[in-house]
Amino acid sequence: MDCLFCKIAAGEIPSTKVYEDEQVYAFLDIEPQAPVHIILIPKTHIPSANALTEENAGVVGHIYAVAAKLAKEQGFAEKGYRIVNNCGEDGGQTVGHIHFHLLAGRNLGWPPG
Ligand code: 5GP
Ligand code: ZN
C-alpha cells in the first residue's frame, strides 16, 4: 500500500514515536502548529472519516482514550487541548489515511480557519 502513514506506522519511514500499541501509532507532526502537535493513526488503512462504519469505527474511540492518556502523562489535560480530524478537500485533509491531530500548549482559538 503506497500510503505515507501506513509506512510511518510500519516503521518504513522514520518518525518520532510518542505511543504505540496493537491498534494505534502516534508520532510528532513534522510541521507542528502548536507546542504539542501529535498525530494519532489506526494501524489499519482507513482513508478518511468518510470510510468509517459500525465495523471499523471502534478504533476511533480507542484513539480518543489514548489521547486522554497522553494528555495526562504529558501534563496538559487540565489546561486543555483539541483533537482535530480533517476530512476531504474542504476539511483540509492532505494525507489519505485517517488521522487525528492532538494539539495543546497554547490557546487554540475558535472557530478554526
Ligand atoms: P492533514 O492536513 O491531512 O489533516 O494532516 C496531515 C499532517 O501530517 C500535517 O499536519 C503534516 O504536517 C503531517 N505530515 C505530513 N507528512 C509527514 C511526515 O512525513 N512525517 C510527519 N511526522 N508528519 C507529516
Ligand atoms: Zn494508510
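Which residues, counting only those in the range 99-113, are loosely packed, with under 10 Cβ neighbours inside 10 Å and modelled with pLDDT of 95 or more?
Asn107, Gly109, Trp110, Pro111
Picking from Tyr19, Tyr25, which residue would you name as being in contact with a Ser or Thr (Cβ under 9 Å, 6 or more places away or on another chain) and of a type in the set (Phe, Trp, Tyr)?
So the residue among Tyr19, Tyr25 that is in contact with a Ser or Thr (Cβ under 9 Å, 6 or more places away or on another chain) and of a type in the set (Phe, Trp, Tyr) is Tyr25.
Quick one: in the range 1-28, of everything that is among the aromatic types (Phe, Trp, Tyr) and within 10 Å of ligand 1 (Cβ to nearest atom), which residue is surrounded by the fewest Cβ atoms within 10 Å (Cβ to Cβ)?
Applying the filter and picking the extreme gives Phe27.
Out of Gly58, Gly96, which single residue is closer than 22 Å to Met1 by Cβ and in contact (Cβ under 8 Å) with a residue 60 or more places away in the chain?
Gly96
Can you tell me which of (1) of a type outside the set (A, V, I, L, M); (2) within 22 Å of Asp2 (Cα to Cα); (3) open to solvent by less than 40 Å² (accessible area, probe 1.4 Å) is the one Phe76 doesn't meet?
(2)
Restricting to the range 28-66, name every residue that is of a type in the set (A, V, I, L, M, F, W, C) and under 21 Å from Lys79 (Cα atoms).
If the condition is that a residue be of a type in the set (A, V, I, L, M, F, W, C) and under 21 Å from Lys79 (Cα atoms), then Leu28, Ala34, Val36, Ile38, Ile39, Leu40, Ile63, Ala65, Val66 are the ones that fit.
Across the range 92-113, what is the total count of residues that are within 12 Å of the chain's Cα centre (by Cα) and among the hydrophobic types (A, V, I, L, M, F, W, C)?
5
The values are calculated or read from the model by the stated rules, or taken from the named source; none is laboratory data. None of the values given here were measured: they were computed from a predicted structure. Positions of Cβ are backbone-derived with ideal geometry, glycine not excepted, and every protein chain shown enters the neighbour counts. The area values use the complete protein model at the heavy-atom level, side chains included, leaving out ligands, DNA and RNA. Shrake-Rupley method; radii C 1.70, N 1.55, O 1.52, S 1.80 Å.
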